[in-house]
Amino acid sequence: MKNRTLLYMLFITLLGYACSSNEETPDPTPENGGPGASKITAFQFPKSVNPQLEEDLQAELIQNNEGETNQIFIFVPSGIGFDKLTAQLTFNGKHIRYRQNPGSDFESYPTAGLELDYTYPKQMFLEVEGNEGHKNKTYQVFVDVKQPFKILEKGSIGEFIELSEMHYVNGGSIQNVGNQPLSLLNIKATAHIPVGFNFTTPMANFPKTGLLPNEQLDIQTRARAELALAGSYTVKTLWYPQLQGNPEHTDLYEGSPCLFNMIITEESTGNISVDRSTLAFQSQDHNPLDLIATFNLQNNASETVEFSFHKHVMELYKETAHEDALIPNGGNNISLAAGESKQITVSFKPAQKGCFSGEIELLKNGKTDWEENITLPFYLDLR
């Protein structure tokens, strides 16, 4: 009986030990990001200690990766200086320290915050000293604006007379109003007016070292005028930045809008003037496959001139003809009395969406080699 009692007590003891071992959870390690891991949990510029701000500003990104210098991004409104900003932060760890020179020693960062100058080329680094068993963690702080590109002067491409050339023209300038060296991530065209015309390509040659804060450079626009029907054109674009040498986190920034205009005004072929300033294909009833355009012909000669209307239309990439899609609304024959001006209207009604290139030819007296014949090339992207 005594032995049975001892065995029972031993069984209960072992069972209790097994249960307690199964319920016990090991302490978190720095690698698993548990509650004890070293990290910054919040970084902000409070209005209470930054009177130049209208509201508290919070960091949009705080990385907490192991074994690397993490990044903190916080954005201030455009026009706010970077030189007198006080940050307050919370963290897990024993202490937090800072330095603004990569070669200097870290100093203690006060709990109440510290007014510092974040203006480039100054840098800001933070280090969290970990609790026992946890590694230290280092951060670099980036203070910037959401739209660091500023377009100076609206991009005005000016007036072209010659339609058979590639033009490179000044389209204004761009300035870095942010706080970091920038390169160009991309330029996104958001709208072409009129619809379908996209023969203008804005561009800028950024230096290899990046565009430094407050620096500016010229914007050029490549205009493939040989593809254009004359008229007034506008392209709306967004210019997206990228931190020079730091391609991560470009999604935190916003594109800066820039508007480019081009006007092809007039071409003269001997005694016949073509006023192209109003020529632009416009959709009818918001139907992208029902377009209409107009242009004016002026006969400056002392005699009547007869023109016949010819056309060539190809769908690019498929190399199929679509002459029937281009329709002269007044018929194929045009008569201009001496001194007369006449508005010509044409419709373009393709059967399906596509990318089209073509020519409108006005042949004087039906002759294909006459020097006063008029050719109007065009390009329409209706995809």
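Is it true that some residue in the range 156-174 is surrounded by 15 or more Cβ atoms within 10 Å (Cβ to Cβ) and at pLDDT 90 or above? Scanning the range 156-174 turns up no residue that is surrounded by 15 or more Cβ atoms within 10 Å (Cβ to Cβ) and at pLDDT 90 or above.
Within the set VAL274, VAL235, the sole residue that is part of a strand (DSSP E or B), modelled with pLDDT under 85 and more than 30 Å from the chain's Cα centre (by Cα) turns out to be VAL274. Filtered by the rule that a residue be part of a loop (DSSP other than H, G, I, E, B), closer than 20 Å to GLY178 by Cα and without any contact (Cβ under 8 Å) to a residue 60 or more places away in the chain, the range 83-132 gives ASP83, LYS84, GLN100, ASP117, PRO121, LYS122, GLN123. Considering the conditions (1) in contact with a Gly (Cβ under 8 Å, 6 or more places away or on another chain); (2) β-branched (Val, Ile, Thr); (3) at pLDDT 80 or above, VAL313 is excluded by exactly one of them, (3). Of everything in the range 95-105 that is within 20 Å of ALA42 (Cα to Cα) and of a type outside the set (A, V, I, L, M), the residue that is surrounded by the most Cβ atoms within 10 Å (Cβ to Cβ) is TYR98.
The values are calculated or read from the model by the stated rules, or taken from the named source; none is laboratory data. Please read these numbers as outputs of a predicted model, since none were measured by experiment. When we count neighbours, we look across all protein chains shown, and the Cβ atoms used for this are built from the backbone with ideal geometry, even at glycine.
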